[in-house]
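To keep things clear, I will list the structure first and then write my remarks on it.
The values are calculated or read from the model by the stated rules, or taken from the named source; none is laboratory data. The structure presented is a predicted model; accordingly, all values stated were derived computationally and were not measured. For neighbour counting, all protein chains shown are included, and Cβ atoms are generated from backbone atoms with ideal geometry for every residue, glycine included.
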Amino acid sequence: MKPMVEFKDVMKTYQIGTQEIVANNNINFTIYEGEFCVIVGPSGAGKTTILNILGGMDKVTEGKIIIDGKDISQYNLKDLTLYRRHDVGFVFQFYNLMPQLTALENVEIATEITKHPLDPKTVLEQVGLTERIDNFPSQLSGGEQQRVSIARALAKNPKILLCDEPTGALDVETGTTILDLLYTTCKTHNKTIVLVTHNPIITEIADRVITVKNGQIQSIDLNSNPLNPKEVQW
Amino acid sequence: MVVKSYLKYIFKDIKTLASKLIAIIMIVMLGIGFLVGLLTTAPNMRFSVERYYIDNNAADLVIQSATPLTESDIDNLKQRSEIKDVMPYFMIDEVIKIHDVNRMARIMLLNFNENIVVNQLKLIKGRLPNPNSEHVEVVVEQSQVYLVDIEIGYQTTVMNQVFEVVGIVQHPWYFAYVQEVSPLTQRPIETMIYTDESFLADKTYTHLAVTINNPHNYNLFSQEYKDYMENVVDNLEQTYNSNFYYTTRNQNQSYVKFQNDVKIVEIIALIFPAFFFLITILVSMSSMTKIVSDQRIQIGTLRSLGYSKIKIMNKYIFYALMASLIGVLLGIGLGIYFIPAVIYNAYLNSYNLPELTIAGNFLMISIISIVMIVAVVLVTMISIGTTLNEKPANLMRLKPPKKGKKIFLERLTFIWKHLKFRYKSTFRNIFRNKRNLVLTLIGVAGSTALLLAGFGIKNSVDYSGDYQYKEMQLYDIEVTVIPNQINIVSLNDYEKIYLMDYTFKYKNDDYINVVSPENNLLINDFLNFKNTKRHEILMANDSVLVTQQFAIKHHIKSGDTIELDFQGIKTTFKVTEILDYYFGNHIYISKNLLEISYPINYNKIYVKTDLKDTLAIENLRHELNLDDNVLQTSFDSDIKAVFEKTSESINSIIIVLVVSASLLAIIINYNITLINISTRQKEIATLKVLGYSEREVSGYVFRETLIISSVAILLGLGLGKLLHWFIISRIFLDGVMFVNIIDWLSYLITIILSYAFLGFVYFISITKMRKIDMVEALKSYE
């Protein structure tokens, strides 16, 4: 199996005034292509910092991050922009759709700038929004909005899909269908998915579970028998 | 306890809201500053000259008598209740030699032994004459364009007596650079000399300088004052015989010129108020709305803690009141002296003016200030009102972004489907936030209009001068001669035409110069006539050509008949064309029509010299001055120089106009862009996460500003054209009007400037946008 994400001795510190605060220290892990990886931990554990670094939104202080063989820790701001543009699909907790754009246009906003995008309409059909493509976010339910957000991330045809608490703002039932959509995407399209959550139950569907605590990795577990989201007892 | 903590809360908040409150302070300050400055300029200019009149006890009226005035005449006048002071003096216009040149001098004999009561001379340099000195000591009027420079210590012989100049003075009736003409000979006065009355052995008085009691304290430039003076003169005329000739200030050239110039300032300044108020109110409204929406959660908390709506509202009213009050005070401080001084000083090139005095203008400033403060407070109450009417529970959440919806343009599928995606998004955004749309449209259109109007006024002034003095008048000198003494030796070698130019009476109360050339064909080489449609026309045997302003004033159209009156002989003429003409009122009538009723006496010569050399021009001027038959010479170059000075003075107002419009444009653009960015932080952060580059993100946000502004600029050009026309048509003074024209270059500069301000704000906003952290995208609305 091909390693898709590699963190090597990653450290991230923040300068607040004269004080240096260590957010992450000694982070080492590898995620392979097509894996469904869940990063779990209580709030303040440092999982958001990992997500920011992985998503190319922030730079590391020390260490290496290899994405599909390329070391993004050496990237400058411009390279990072291109990395976010072509290699990362981002699914937000609060969907972050543009209110003035329809579902279709919200997908197009991402595909417009990428090199090898998928057809926005087809992707929206895949996520089950065939009937809703001309609706504005305000006319969609939370679950539907998150589907648009996933479609937007997928249509970029990225190397990895990053999800920040994708079910955090949804009820259990809707949350399950969203997780199912991500799960299916991962399995049928062999897409690498990294999902960050504080909810330990979600780890049951993951191939790989990285547990973060106090800015460090507490454990990395491989799930020999990941469950389908529909089978999970929420 | 509660009150104390509430007050603490108010003041604590001021710190966090400082930047937005400062925006309100700034816009109010600028608005008030320019408003107060511009609106008080004309009153202050008038006030300064009024003070100058009062300080020097300037005459309201000069009475000239055909026969020597007697003591009883004077005493009689002094008894009259409407008359305050009377000062008799002797005045004569006499040719004297100064620096070996014959100059027309106005000599006034005053009583320097006693204080001069009326028309006190202001000593500029040197000292006043000593009546008891050995030879005659004199003071001379300060030099200017039309008055020669004579230095202190200069001696010359007048009527066999030696005159020595001991001082330079200024007479309160002669503060403008205008040409005074000797009424008897029609020759221009080239110097004014004041000396003691002991110069003449027998005391004869020819003139009386009179001040009038001003029982109602009429403003000396007001219509009431003029009406009152007319009344006084009427009464005097009824009492005394026709022996007296009366000159009020309204016939004093300095007074009239100054009044006209101030009128232009006043008309141009009047275009500001509405726009400035509108902008200040709109900007305050958007800033205040932003403050309230930023504080939703706090407002919600206070509401749920049981604070009344009024108590919460009071806080914001307090902010609005404080900010607008500070802005008003700063604005008054900034505008009250600075702007009037800039404009007033610009007029020093054509006047010997006293120092600028700032009148209180208390009422006007109070009204402007109060209206501004009330407007800002009202606007604040409206924006809080809507927020306070929401349920406290709703207030605890951030306001969700406005909903997107289809816009009208989408129904035009044939256009919409060809639009690029980014433009679709832009167009929806434009209509999503209507308040921003309106603010940008009004702000940018308004400032563009002011810019274009400003540049346009400059074009109009310059074009009118160029047209009149370069395009239309093809002659170089206008020589006034003693009637029928047209054989002027020094003009023998030049191309010339003889004309008759007399003042005719029109409709009992107006006068017009009737000009008739010796040859209808030849005149077309000296005057390039054009009608109001700017078509060239030639003078022919049936021609009666009326200049534009006179025609507008009396509603005369071509084809109309007009009746003219010369010394009681009335004749009607059929007007053939109205002339495109800007300075002066004339009727050009063909000689064969005029000579039917009137004798033709030539008294004017138009001369073409083509002289370029200054020395040659001065030589010719010298020769003409020496010629006894020449009454007056008017060189084209002199008139152009005077006109250029007026044009320069008007420039100062235009600069104030352009600077204020520019500052407003920048503030409006900046304000809108800041609000735009801060309400869309999350959108911007999301775009960054999606991999949009800095440039693409700013394009995404700025594209709509650019589109709205472009529409606004286009609107502004139309509006500016209208505004310009409005101003130009109102500048319709006696003998002065300006052409309604705007150069294409002015359009271009206006467009470039308007986009430059946008560009400037764009660069500021790019740095603001760069600072937005992508982590914002991960935060919630809730």
*Please indicate, with yes or no, whether at least one residue in segment A:32-45 is within 8 Å of another protein chain (Cβ to nearest Cβ), within 24 Å of A:ALA169 (Cβ to Cβ) and either modelled with pLDDT under 90 or surrounded by fewer than 21 Cβ atoms within 10 Å (Cβ to Cβ) (or both).*
no
For B:ASN669, state whether it is out of contact with any Leu (no Cβ under 8 Å at 6 or more places or on another chain) and not small (Gly, Ala, Ser). no
All conditions in (1) within 13 Å of B:TYR194 (Cβ to Cβ); (2) touching a Ser or Thr at 6+ places or on another chain (Cβ under 6 Å) are true of B:ASP149 except (1)
Looking across segment B:750-774 at residues that are closer than 16 Å to B:TYR692 by Cβ and of a type outside the set (Lys, Arg), the single one that is farthest from the other protein chains (Cβ to nearest Cβ) is B:SER765
When (1) within 12 Å of another protein chain (Cβ to nearest Cβ); (2) surrounded by 22 or more Cβ atoms within 10 Å (Cβ to Cβ); (3) assigned to a strand (DSSP E or B) are applied to A:TYR14, the one that fails is (2)
Note on A:GLY128: of the conditions (1) within 11 Å of chain B (Cβ to nearest Cβ); (2) assigned to a loop (DSSP other than H, G, I, E, B); (3) among the small types (Gly, Ala, Ser), unmet is (1)
For segment B:678-696, the count of residues that are at the interface with chain A (Cβ under 10 Å from one of its Cβ atoms) and either closer than 27 Å to B:MET288 by Cα or in contact (Cβ under 8 Å) with a residue 60 or more places away in the chain (or both) equals 8
Within segment B:217-236, is there a residue that is closer than 20 Å to B:PHE90 by Cα, surrounded by fewer than 18 Cβ atoms within 10 Å (Cβ to Cβ) and hydroxyl-bearing (Ser, Thr, Tyr)?
-> no
message: Residue under question is A:ALA155, and the condition is that it be buried (at least 20 other Cβ atoms within 10 Å of the Cβ) and either aliphatic (A, V, I, L, M) or within 14 Å of another protein chain (Cβ to nearest Cβ) (or both); does it hold?
response: yes
Taking segment A:65-85 and keeping residues among the hydrophobic types (A, V, I, L, M, F, W, C) and in a helix (DSSP H, G or I) leaves A:ILE72, A:LEU77, A:LEU80, A:LEU82
So, first residue more than 9 Å from chain B (Cβ to nearest Cβ) and free of Cβ contacts under 8 Å to residues at least 12 places away in the same chain in segment A:67-91, second residue among the aliphatic types (A, V, I, L, M) and in a helix (DSSP H, G or I), Cβ within less than 9 Å, six or more apart or across chains; the pairs are A:ASP79/A:ILE72
Out of (1) within 9 Å of chain A (Cβ to nearest Cβ); (2) under 34 Å from the mean Cα position of the chain (by Cα), the one B:ILE667 does not meet is (1)
Reported set for segment A:5-20 where residues are out of contact with any Gly (no Cβ under 8 Å at 6 or more places or on another chain) and hydrophobic (A, V, I, L, M, F, W, C) is A:VAL5, A:ILE16
So the helices (runs of 4 or more DSSP H) completely within segment B:284-396 holding 3 or more residues that are of a type in the set (Lys, Arg) are B:309-346
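Here is a yes/no grid of residues against (1) free of Cβ contacts under 8 Å to residues at least 60 places away in the same chain; (2) surrounded by fewer than 17 Cβ atoms within 10 Å (Cβ to Cβ); (3) among the charged types (D, E, K, R):
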residue	(1), (2), (3)
B:ILE92	no, yes, no
B:LYS97	no, yes, yes
B:LEU121	no, no, no
B:GLY153	yes, yes, no
Restricting segment A:204-230 to residues that are hydroxyl-bearing (Ser, Thr, Tyr) and under 19 Å from A:ASN28 (Cα atoms), the one surrounded by the fewest Cβ atoms within 10 Å (Cβ to Cβ) turns out to be A:SER219
Within segment B:196-211, the residues that are charged (D, E, K, R) and under 25 Å from B:VAL165 (Cβ atoms) are B:ASP196, B:GLU197, B:LYS203
In segment A:86-116, anything within 18 Å of the chain's Cα centre (by Cα), surrounded by fewer than 19 Cβ atoms within 10 Å (Cβ to Cβ) and not in a helix (DSSP H, G or I) is listed as A:THR114
Screening B:GLN179, B:GLN186 for residues that are at negative phi and in contact with a strand residue (DSSP E or B) (Cβ under 8 Å, 6 or more places away or on another chain) leaves only B:GLN179
Check on A:VAL172, away from chain B (no Cβ under 13 Å), surrounded by 18 or more Cβ atoms within 10 Å (Cβ to Cβ) and not charged (D, E, K, R): no
B:ALA393: passes all of (1) under 24 Å from the mean Cα position of the chain (by Cα); (2) surrounded by fewer than 21 Cβ atoms within 10 Å (Cβ to Cβ); (3) small (Gly, Ala, Ser) but (1)
Picked from segment B:628-642 (must be modelled with pLDDT of 85 or more and over 17 Å from B:TYR475 (Cα atoms)), the residue surrounded by the most Cβ atoms within 10 Å (Cβ to Cβ) is B:VAL630
- Message: I'd like to know if segment B:708-721 contains one or more residues that are polar (S, T, N, Q) and either more than 14 Å from every other protein chain (Cβ to nearest Cβ) or over 30 Å from A:PHE90 (Cβ atoms) (or both).
- Response: yes
Of (1) in a helix (DSSP H, G or I); (2) at pLDDT below 90; (3) touching a helix residue (DSSP H, G or I) at 6+ places or on another chain (Cβ under 8 Å), B:GLU237 satisfies every one except (3)
Sole miss for B:ASN57 among (1) surrounded by fewer than 24 Cβ atoms within 10 Å (Cβ to Cβ); (2) closer than 16 Å to B:VAL376 by Cβ is condition (2)
By residue number, the members of segment A:52-64 that are touching an Asp or Glu at 6+ places or on another chain (Cβ under 6 Å) and facing another protein chain (nearest Cβ under 8 Å) are A:ASN52
Selection over segment A:50-59 where residues are surrounded by fewer than 22 Cβ atoms within 10 Å (Cβ to Cβ) and more than 20 Å from B:LEU687 (Cβ to Cβ) yields a count of 0
In segment A:106-129, anything modelled with pLDDT of 90 or more and on the phi > 0 side of the Ramachandran plot is listed as none
Of the residues in segment B:104-126, those that are in a loop (DSSP other than H, G, I, E, B), over 34 Å from the mean Cα position of the chain (by Cα) and not β-branched (Val, Ile, Thr) number 5
